[in-house]
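Chemist: Got a structure for you, written out below as structure tokens; questions coming shortly.
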Amino acid sequence: MDRETARVEAFSDGVFAIAITLLILEIRVPHLPHDQPDARRQLIQALLHLWPSAVAFVLSFGTILIMWINHHGLFKHAHHADNRLFFANGFLLLAVTFLPFPTAVLAEYLDQRAANVAATFYCATYVLVSAAYNLLLWSVVANRRHGAPGSESTIARVRKSYRLGLVAYIVATLVSTVLPYVGVAICFSLWPIWAVLRYYEREMK
């Protein structure tokens, strides 16, 4: 990894950190009268009513964390930085920084009649993220040195996973227009795939 590529990854780490921190801002402390005789019960109910925000927070936190881990793995294959890499990485960071907004929408409307709209908007954001990862993979592969560590079979496996992920997110978006909880669940179900995706063969150090 050359110096410019390292700078791109360091800058990206900062953006990921900011985006993942902003997610918690959507979980707000309930403001209730303190002099009510049933203040304890009201606070418990108010906290329980925050479940859509909690679900959206956990889902998006986990997703951004896994995205960061995969971004780090992908950059192990980045041997040179050019404009293709800069713009592809910038497009991904655009999607990452945008993620707190659909998270807030999902948290606000997941338990409302407009849940399908919120879920569709949320799942569509992951279509954007997945497209950005496919573009970044293309730019990284285009700059790989011939004979560099990391076999072609590894790159092929990562490319296949990225493409299947894009299809899955498109399906989730379509499903969420009718079944919002199922659409969001499909996005959630992809976590294990991204969490165990290897960017090197097991025997390689």
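Chemist: Return only the number of the condition from (1) under 20 Å from F75 (Cα atoms); (2) in contact (Cβ under 8 Å) with a residue 24 or more places away in the chain; (3) in a helix (DSSP H, G or I); (4) over 19 Å from the mean Cα position of the chain (by Cα) that R144 does not satisfy.
Modeler: Result: R144 passes all but (3).
One line per residue, one yes/no per condition, for (1) in contact with an Asp or Glu (Cβ under 8 Å, 6 or more places away or on another chain); (2) closer than 24 Å to A142 by Cα:
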position	(1), (2)
S12	no, yes
I18	no, no
S53	yes, no
F75	yes, yes
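Chemist: Quick check: anything in region 158-165 charged (D, E, K, R), farther than 19 Å from L128 by Cβ and in a helix (DSSP H, G or I)? Quick ask: steps written out before the conclusion?
Modeler: Taking region 158-165 first, the residues charged (D, E, K, R) are 159-160, 163.
The next check asks that each one be farther than 19 Å from L128 by Cβ; those that pass are 160.
Now narrow it down to the ones that are in a helix (DSSP H, G or I): 160.
Yes, that holds for at least one residue.
Chemist: Another one. Considering region 152-205 alone, what residues qualify as being in contact (Cβ under 8 Å) with a residue 24 or more places away in the chain, open to solvent by less than 60 Å² (accessible area, probe 1.4 Å), among the small types (G, A, S) and farther than 15 Å from A124 by Cα?
Modeler: The answer is S161, and nothing else.
Chemist: Restricting to region 2-19, what's the tally of residues that are over 25 Å from S60 (Cα atoms) and open to solvent by less than 30 Å² (accessible area, probe 1.4 Å)? First the steps, then the outcome.
Modeler: Taking region 2-19 and keeping what is over 25 Å from S60 (Cα atoms), we get 2-7.
Adding the requirement that they be open to solvent by less than 30 Å² (accessible area, probe 1.4 Å) leaves 5.
So the answer is 1.
Chemist: Could you give me the residue pairs with C-beta distances under 8 Å whose first residue belongs to region 118-131 and is in contact (Cβ under 8 Å) with a residue 12 or more places away in the chain, whose second residue is outside any helix (DSSP H, G or I) wherever it lies, and which are 6+ apart or on separate chains?
Modeler: Pairs that qualify, where the first residue is in contact (Cβ under 8 Å) with a residue 12 or more places away in the chain and the partner is outside any helix (DSSP H, G or I), are A118/L110; A118/Q112; A119/L110; T120/T177; T125/L99; V129/L99.
Chemist: Go through (1) without any contact (Cβ under 8 Å) to a residue 60 or more places away in the chain; (2) surrounded by 15 or more Cβ atoms within 10 Å (Cβ to Cβ); (3) among the polar types (S, T, N, Q) for T103 and report which single condition fails.
Modeler: (1)
Chemist: Hey, another quick one. Looking only at region 93-123, count how many residues are in contact with a Ser or Thr (Cβ under 8 Å, 6 or more places away or on another chain) and aliphatic (A, V, I, L, M).
Modeler: Total meeting the criteria: 5.
A quick yes/no check of all residues on (1) open to solvent by 80 Å² or more (accessible area, probe 1.4 Å); (2) closer than 18 Å to V158 by Cβ; (3) touching a strand residue (DSSP E or B) at 6+ places or on another chain (Cβ under 9 Å):
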residue	(1), (2), (3)
P33	no, no, no
W51	yes, no, no
H79	no, yes, no
F87	yes, no, no
L110	no, no, no
T120	no, no, no
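Chemist: Condition test on V171, is it aliphatic (A, V, I, L, M) and assigned to a helix (DSSP H, G or I)? Let's see the steps before the verdict.
Modeler: Numbers: aliphatic (A, V, I, L, M): yes; assigned to a helix (DSSP H, G or I): yes.
For V171, the condition - aliphatic (A, V, I, L, M) and assigned to a helix (DSSP H, G or I) - is met.
Chemist: Go through region 20-47 and give me each residue that's touching a Ser or Thr at 6+ places or on another chain (Cβ under 9 Å) and either under 28 Å from V141 (Cβ atoms) or among the charged types (D, E, K, R) (or both). Talk me through it step by step, then tell me what you get.
Modeler: First pass over region 20-47, keeping only residues touching a Ser or Thr at 6+ places or on another chain (Cβ under 9 Å): 20, 22-23, 26-28.
Correct list: I20, E26, R28.
Chemist: Give L22, L74, L47 a once-over and let me know the one that is at pLDDT 80 or above and open to solvent by 90 Å² or more (accessible area, probe 1.4 Å).
Modeler: Numbers: L22 fails: open to solvent by 90 Å² or more (accessible area, probe 1.4 Å); L74 fails: open to solvent by 90 Å² or more (accessible area, probe 1.4 Å).
One residue alone meets the criteria, L47.
Chemist: Give the residue that is nearest to the chain's Cα centre (by Cα), with candidates limited to residues of region 54-65 that are open to solvent by less than 20 Å² (accessible area, probe 1.4 Å) and over 30 Å from R3 (Cα atoms). Don't jump to the end; show me each part of the working.
Modeler: Taking region 54-65 as the starting set, the residues that turn out to be open to solvent by less than 20 Å² (accessible area, probe 1.4 Å) are 56, 59-60, 62-64.
Cutting the leftovers down to over 30 Å from R3 (Cα atoms) gives us 56, 59-60.
Numbers: A56: 12, L59: 9, S60: 6 Å.
So the residue we want is S60.
Chemist: Run W68 past the list (1) within 17 Å of N143 (Cβ to Cβ); (2) of a type outside the set (V, I, T); (3) open to solvent by 60 Å² or more (accessible area, probe 1.4 Å) and report the number of the one that doesn't hold.
Modeler: (1)
The values are calculated or read from the model by the stated rules, or taken from the named source; none is laboratory data. Fair warning: this is a prediction, and the values are worked out from it, not measured in the lab. Cβ atoms come from the backbone with ideal geometry, glycine included; neighbour counts cover every protein chain shown. Heads up: the accessible areas ignore ligands, DNA and RNA and are worked out on the full protein's heavy atoms, side chains in. Shrake-Rupley method; radii C 1.70, N 1.55, O 1.52, S 1.80 Å.
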